[in-house]
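Okay, here's the structure, questions in a sec.
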Amino acid sequence: MAQSVVVQVGQCGNQVGCRFWDLALREHAAVNKKGIYDEALSSFFRNIDTRSGGDGPDIYKGKICSLKARALLIDMEEGVVNEILQGPLRDVFDSKQLITDVSGSGNNWAVGHKVYGCQYRDDIVEKLRKNAEHCDCLQCFFIIHSMGGGTGSGLGTFVLNLLEDEFPEVYRFVTSVYPSGEDDVITSPYNSVLAMKELNEHADCVLPIENESLFDIVNKIHQMINSGKLGSTVKQNSLVTSSAGSAKSVQEKPFDAMNNIVANLLLNLTSSARFEGSLNMDLNEISMNLVPFPRLHYLVSSLTPLYTLADVNVPSRRLDQMFSDAFSRDHQLIQADPKHSLYLACALLVRGNVQVSDLRRNIERLKPSLHFVSWNQEGWKTGLCSVPPVGHSHSLLALANNTCVKPTFIELKDRFMKLYKKKAHLHHYLHVDGMEQSCFSEAMSSLSDLIEEYNELDATKGGPRTDPSRLKIAV
């Protein structure tokens, strides 16, 4: 079975990563009752014999001895990483998987990318190689970072470039948390646009996530539960925002609920690679089927259901609602409405007791209301994993390569231009060695080109849906 390595960079990346490892252990514990180190566990965890002291040899079969995450934790201020090392997950990581500094990147992409990138390059490469050597079949690197700060955006995209240089054959999936318009980091538009250029050029797939959308989903769940409208109790550990049943015994932090949504996205994305199912979907298939053009690799994600009711069975109507919700605006992890935009392709990753016939029926039901590009009317990729998430009987992750990401990029461009026209805060960047004003104009040009590519696709929307002529065979 293939393995994946998670690289979490910056404060946001490490906080989301912490929730991911916590919930991953919860999920495997719910399935793996006998404590055997199996292929599912090996996809994200090593099993190490620590009796000999230190970093012992890997054990590939038999009982679980000591699980270590296949991960690299990078942050240029120690706070969050130290917190992880003092928390319930401290045994899942060791010092050989950490790279930290004390001063931080000061919300400056140039410091993260140019200064710390050069300073820590060899150390990062060495630790990435060590992680790769422990894998039988390394399939994918997951980078988790935010776009608004300095370390996540700058050093995160530096690591992305390194991965392309050092491991060109291994897929690079990036989970990027985009700042909201009311962000408290004034320079976040600069950091985000500079990072976007790197994502355009070096990532295989990017899963953009907006803080605003996560906040809205958390609020929506709280309102539904507290309003009494549900008329039924909600299974606590079924909430997509919940940490219930995980290793975490300390007080939940304000952003844990939002971070748990992103962690669940990554768990569902990798479920087919970890567990059995009647229609398995590998990570390389996502990139192959959903990315028809190399730069248009931004996939809009949605998770359903957001919770499960304790005393309700699962009639087909409830199942159908799950599919309908996945395409509705308020379940998307960015502020977007895919239904009224153009699909290049769409993947549905279903978990739990769902039949292929249910999947097909719902695709046929939803198809008429969705706009697909004329040359890919059948652009659906489906996966069925038999193991549902903890607390649920079934769940769905939808990934859409859809032009609805364009408004997010346009808004980012507008916020960038407001600062850049005045040359505000530029001096903080330009005093960094290797950073020139051309870096800003090139990043802006890269983003404008990306928006233009989406514009060209949108211009084809609404055209006649003609079936391509079939090959006629002379008899």
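Computed from the coordinates by the stated procedures, all read-outs in this text should not be read as laboratory data. Keep in mind that what you see is a predicted model, and the values were worked out from it rather than measured. With ideal geometry, Cβ positions are generated from the backbone for all residues, glycine too; neighbour counts draw on all protein chains shown.
Would you tally the net charge around L399, using a Cβ to Cβ cut-off of less than 12 Å, leaving L399 out, and scoring K and R as +1, D and E as -1? Mind showing how you got there, number by number?
Details: positive: K381; negative: E285.
Net charge around L399: 0.
Then there's this: What GluC sites (Glu not before Pro) does segment 86-178 have in DSSP loop regions with at most 11 other beta carbons within 10 Å?
Details: sites: E126, E133, E164, E166, E169; in loops: E169.
Those that pass, being in a loop and sparsely packed, are E169.
Go ahead and estimate [θ] at 222 nm for the chain from helices alone: -39,500 (n - 2.57) per DSSP H run with n ≥ 4, summed, over the residue count, rounded to 500. Don't skip to the end; give the middle numbers.
Working: 14 runs with 187 residues, N = 475.
Calculated mean residue ellipticity at 222 nm is -12500 deg cm²/dmol.
How big is segment 62-185 on each of its three principal axes, counting only the C-alpha atoms and giving the largest first in Å?
Reported extents, whole Å, longest axis first: 51, 35, 28.
Pairs of Cα atoms under 8 Å, at least six residues apart: use those to get the relative contact order of the chain, whole percent. All intermediate terms of the calculation are to be shown ahead of the outcome.
Working: 879 pairs, mean separation 75.9, N = 475.
After rounding, I find 16 percent.
What whole-number distance in Å separates the alpha-carbon centres of segment 113-184 and segment 350-396?
If we compute the Cα centre of each part, the gap is 31 Å.
Chymotrypsin sites (Phe, Trp or Tyr not before Pro) within segment 10-114: which are DSSP loop residues with at most 11 other Cβ atoms inside 10 Å?
Sites meeting the loop and neighbour criteria: Y60.
Within the chain, which is the longest segment containing none of the trypsin sites (Lys or Arg not before Pro) that sit in a DSSP loop and have at most 10 other Cβ atoms within 10 Å?
It works out to 230-421.
Could you give the alpha-carbon Rg of segment 1-78 over 2.2 N^0.38 Å, rounded to two decimals?
Values: Rg = 13.5 Å, N = 78, 2.2 N^0.38 = 11.5 Å.
Its radius of gyration relative to the 2.2 N^0.38 Å reference: 1.17.
Right, something else. How high is the relative contact order of segment 100-234, given as a whole-number percent (alpha carbon pairs under 8 Å, six or more residues apart)?
Normalised by residue count, the contact order of segment 100-234 is 27 percent.
Let me ask something additional. Give me the net charge for the shell around F158: Cβ to Cβ below 12 angstrom, other residues only, Lys and Arg +1, Asp and Glu -1.
Working: positive: K114, R121; negative: E164, D165, E198.
Charge balance near F158 sits at -1.
Across the chain, how large is the tail of the calculated P(r) beyond 40 Å, expressed as a percent of all Cα pairs?
Details: 20819 of 112575 pairs.
When all Cα pairs of the chain are counted, 18 percent exceed 40 Å.
Calculate the all-directions average of the projected area of segment 38-127's alpha-carbon convex hull, and give it in nm². Numbers along the way, then the final one.
Details: hull surface 28.4 nm².
Hull-based average projected area comes out at 7.1 nm².
Expressed as a rounded percentage, what relative contact order does segment 292-437 have, with Cα pairs under 8 Å and six or more residues apart?
Values: 204 pairs, mean separation 47.5, N = 146.
Relative contact order of segment 292-437: 33 percent.
On to the next question. Which distance in nm do the two modelled labels at K34 and C137 give, with both placed 7 Å along the Cα-to-Cβ direction?
Spacing of the two 7 Å Cα→Cβ label points: 2.2 nm.
So in the chain, what percent of DSSP beta bridges are antiparallel if you round to the nearest 5? Show your work: numbers first, answer last.
Working: 22 of 57 bridges.
Taking every DSSP beta bridge within the chain, about 40 percent pair in antiparallel fashion.
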